[in-house]
1. Report, to two decimal places, the Cα Rg of segment 64-116 normalised by 2.2 N^0.38 Å (N = number of residues).
2. Count charges around ILE14 for me, please; just the other residues with Cβ under 14 Å from its Cβ, Lys/Arg as +1, Asp/Glu as -1.
3. How much accessible area per residue does segment 46-140 have, counting only protein heavy atoms and a probe of 1.4 Å, in square angstrom?
4. Under 25 °C and 0.890 mPa s, how fast does segment 1-125 diffuse according to Stokes-Einstein, given a Kirkwood radius computed over C-alpha pairs? Answer in µm²/s, whole number.
Amino acid sequence: MSPVPRAKLLSRAILAGTSVYLAGQVVHTVLNTNRWPFCTFNMFAYHKRDQALQMRVRLFTDDGEAVGPTDPWSLLPLEFFRVVSVLERVFHAQDDAEVRDRFCRQALERLNRRGWRAWDEVKASFSAGPGRRFVAMELYFVEVDFRTCSPFDRTEVTSAELVHRYDPEGVVADQAEAPLWRFAEPLAEETGEGKKKEEAGHAA
């Protein structure tokens, strides 16, 4: 009996590996579960770091009421991930205050003129409420630790930085300072400095 050629063995191994992966993907799709590298919708399967930089927005009405801090997805009638991409271009890729103010003004005008309903990946627009309009907004960059910050509380972060404030009518300045965030301690990394601190704590 002649030995199986190496190329044929390799092709069989690739076919077997692919079959196992597809079978695992089908199981996760049917059960609607996510376990990396498998995902309910495998086009979205990726590895996420324990910490990430995110955005939060706070809107103000003409009578001084504040909405947020919360996710900025409802600022524009776009898919939520496209909203994040637009905001990164405006508030992260460059620091032109005039461009940022123009974006804020047009976004608030769109919210005040006509809102929109949620559809598929598009989130419903922010609403100022009957007889009110949005006149100011703040955008923050926050850092979250997925191991310690609650995914249901958008004010729970490990750090927060005000990136831009648009307030042509001065309503934000009239607001009493209040704690906006619930700061959580990020878990220490299990390398380098984190290990040294842990060892020092045990020694004490």
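The values are calculated or read from the model by the stated rules, or taken from the named source; none is laboratory data. Predicted model only: the values in this text are computed from it and were never measured. A quick note on method: Cβ atoms are made from the backbone with ideal geometry, for glycine too, and the neighbour counts reach across all protein chains shown. The area values use the complete protein model at the heavy-atom level, side chains included, leaving out ligands, DNA and RNA. Shrake-Rupley method; radii C 1.70, N 1.55, O 1.52, S 1.80 Å.
1. So segment 64-116 has a normalised radius of gyration of 1.16.
2. Values: positive: ARG6, LYS8, ARG12; negative: none.
With Lys, Arg at +1 and Asp, Glu at -1, the net is +3.
3. On a per-residue basis, 58 Å².
4. Stokes-Einstein gives a translational diffusion coefficient of 130 µm²/s.
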